[in-house]
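Peer 1: Structure provided below as structure tokens; questions to follow.
Values in this text are rule-based calculations from the coordinates and carry no lab data. Keep in mind the model is a prediction, meaning the values are calculated, not measured. Here Cβ is always computed from backbone atoms with ideal geometry, including for glycine, and neighbour counts include all displayed protein chains.
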Amino acid sequence: MRPTFADLQPAPPDAILGLAEAFRADPRTDKISLASGVYVDESGTTPVLQTVLEAEQRILHGQTTKLYKPIAGDPAYTHAVRELLFGAEHQALAEGRVETLHTPGGTGALRVAADLVRRLRPASTVWLSSPTWPNHPQVFDAAGLDTRTYPYLDGARGGLDFEGMLGALAAAAPGDVVVLHACCHNPTGIDPTPEQWEAIAALVDVRGLLPLLDFAYQGFGDGLNEDAVGLMTMARSGRELLVASSFSKNFALYAERVGALSIVASTRPEAHALLSHAKVAVRANYSNPPAHGGEIVATILLDPALRARWEDEVTAMRERINGNRARFVEGLEGAGAPIEPAPLLRQRGMFSLLGLTTEQVARLRTEFGVYVVGRGRVNVAGLTGRNIGPACAAIAAVLAG
Ligand code: LMR
């Protein structure tokens, strides 16, 4: 019999972007989207940054060709990314131990990292925090790698289950990959303290693990440098390390798909060899990166005046998010929601995890038109003066049962 797809059942919608589709299709005019992790301003829109508009003008006027980019991207871009992530003076950069590839977004970086690991260490397991970004397991599965989870959230205390995390990772085999959210953990908003990062680094060394830092929210927690504390700790002592970074959020370049995979090796020749294998993975996947987003980022980062203005734009976004978090907690308390304010106020980045049940999340959507992810991950950046009252009232209502 000729094989056909006639009986194929549809795949389930994506846990996050599927909600964005459902939101768009929802005819209610008072619906509220707190699902996708995108920055929203007080007017409810996601604007193009002024520095981005200016860089685009320059690019448009100076453009002479649409030739392919190198497989790893433009050297100007990868250089600028490395310096932003590690700092221009970092020893690993001076020693030529860091190679960077321009990838389509942070997801592209994760997939290249996954393909690289699959190519070099096919038997290794990838350890993911529980909970984590729903796309993480999917990306590593797609690359043919096994995944396991380590505890992360201490539900009772609303903090990091650090003992549980270290205990689980102590069972990881040498060569296994541990995925760590460099800052603004998605979805919990809980990050390790500097001391905890030190302990994680020590465990990585003892167990011979390969850390993969997912760095999608640099600048959205406490500041561009402050948010790199985990990366700085991991990048010390000649440790091997992968970093998947994204400019979707801090440059608001969501649709341009611009990110990077940085490979930190213990020697320059090793970095070079790893880069060559990553390039094979890229070539077999999307061949070479799209130009526009990378050109924007490089234009801004390499021009001191534009860069200073971009840093101010990041600060403004971060301050709005942090202000929103405080207003959100106040709003929930004002609406009579039985919440513990302290853990919610400690969370960092775009998200606040409320720990709702699946039923409560479904009720928020069907009854109140309020869209949140998973177990009540709220994008606090999506709260505005207009929607915060109804959103808090709806959450209080579903928590009341
Ligand atoms: C999110 O977690 O909402 C964002 O990272 C958007 C995405 O791609 O899922």
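Peer 1: Using a simple charge model, +1 on the beta-carbon of Lys and Arg, -1 on the beta-carbon of Asp and Glu, nothing else, what dipole does the chain show about its Cα centre, in debye to the nearest 20?
Peer 2: Using only the charged Cβ atoms, the result is roughly 860 debye.
Peer 1: Here is a follow-up. Divide the volume of the convex hull of the Cα atoms of the stretch 176-319 by its number of residues and quote the answer in cubic angstrom per residue.
Peer 2: 133
Peer 1: Going by how many other beta carbons lie within 10 Å of each one, how would you line up Ser287, Ser129, fewest first?
Peer 2: Least to most surrounded, the residues fall as Ser287, Ser129.
Peer 1: Express the relative contact order of the chain as a whole percentage, based on alpha carbon pairs under 8 Å and six or more residues apart in sequence. Present the calculation step by step, with values, prior to reporting the outcome.
Peer 2: Working: 717 pairs, mean separation 98.2, N = 401.
24 percent.
Peer 1: Listing Asp30, Asp74, Asp14 from the residue with the fewest other Cβ atoms within 10 Å to the one with the most, what is the order? Don't skip to the answer; put the middle values down first.
Peer 2: Working: Asp30 10, Asp74 16, Asp14 13.
So the ranking, lowest neighbour count to highest, is Asp30, Asp14, Asp74.
Peer 1: Can you quote the Å³ per residue value for the convex hull of the Cα atoms in the stretch 91-182, rounded to an integer?
Peer 2: Looking at the stretch 91-182, the number lands at 133 Å³ per residue.
Peer 1: Packing-wise, with mean Cβ within 10 Å as the measure, how do 176-188, 215-227, 197-209, 350-362 rank, highest first?
Peer 2: 176-188, 215-227, 350-362, 197-209
Peer 1: Taking the Cα centre of the stretch 93-132 as origin and charging only Cβ (+1 Lys, Arg; -1 Asp, Glu), how large is the dipole, in debye to the nearest 20?
Peer 2: The dipole magnitude comes to about 160 debye.
Peer 1: Roughly what % antiparallel, to the nearest 5, for the DSSP beta bridges in the stretch 69-198?
Peer 2: Of all bridge pairs located within the stretch 69-198, approximately 20 percent are antiparallel.
Peer 1: For the stretch 68-302, what is Rg from Cα atoms divided by 2.2 N^0.38 Å, rounded to two decimals? Don't skip to the end; give the middle numbers.
Peer 2: Values: Rg = 16.4 Å, N = 235, 2.2 N^0.38 = 17.5 Å.
The value comes to 0.93.
Peer 1: A further question follows. Using Cβ counts within 10 Å as a stand-in for footprinting exposure, how do Leu302, Leu332, Leu160 rank, fewest first?
Peer 2: Leu302, Leu160, Leu332
Peer 1: Assigning unit charges at the beta carbon (Lys, Arg +1; Asp, Glu -1) and nothing else, what dipole magnitude in debye, to the nearest 20, does the stretch 68-302 show about its Cα centre?
Peer 2: I would put it at about 780 debye.
Peer 1: Given the convex hull of the Cα atoms of the stretch 45-147, what is a quarter of its surface area in nm²? Provide the component values of the computation, followed by the final result.
Peer 2: Working: hull surface 40.3 nm².
With every direction weighted equally, the projected area is 10.1 nm².
Peer 1: Which one of Leu84, Leu274, Ala284 is farthest out on the positive end of the charge dipole of the stretch 68-302, using unit charges on Cβ (Lys, Arg +1; Asp, Glu -1) and the Cα centre as origin?
Peer 2: Ala284
Peer 1: Continuing with this model, one more query. Given contacts defined as C-alpha pairs under 8 Å and at least six residues apart, what's the relative contact order of the stretch 1-112, whole-number percent?
Peer 2: With pairs under 8 Å counted, the relative contact order is 15 percent.
Peer 1: Restricting the count to DSSP beta bridges whose residues both fall in the chain, what percent are antiparallel, rounded to a multiple of 5?
Peer 2: 50
Peer 1: What trypsin sites (Lys or Arg not before Pro) does the stretch 6-62 have in DSSP loop regions with at most 11 other beta carbons within 10 Å? Walk me through the numbers on the way to the answer.
Peer 2: Values: sites: Arg24, Arg28, Lys31, Arg58; in loops: Arg28, Lys31.
Here the trypsin sites (Lys or Arg not before Pro) that fit, given the DSSP loop and packing criteria, are Arg28.
Peer 1: Using alpha-carbon positions, what is the distance between the centroids of the stretch 319-334 and the stretch 88-148, in Å?
Peer 2: A separation of 34 Å, based on Cα centres.
Peer 1: Taking N as the number of residues in the chain, what is its alpha-carbon radius of gyration divided by 2.2 N^0.38 Å?
Peer 2: Working it through for the chain, the quotient is 0.99.
Peer 1: Considering only Gly108, Val361, Ala228, whose Cα is most displaced toward the positive end of the charge dipole of the chain, charges sitting on Cβ of Lys, Arg (+1) and Asp, Glu (-1)?
Peer 2: Gly108
Peer 1: Give me the percent of DSSP beta bridges within the stretch 68-302 that run antiparallel, rounded to the nearest 5.
Peer 2: Counting only bridges with both partners in the stretch 68-302, antiparallel ones make up about 45 percent.
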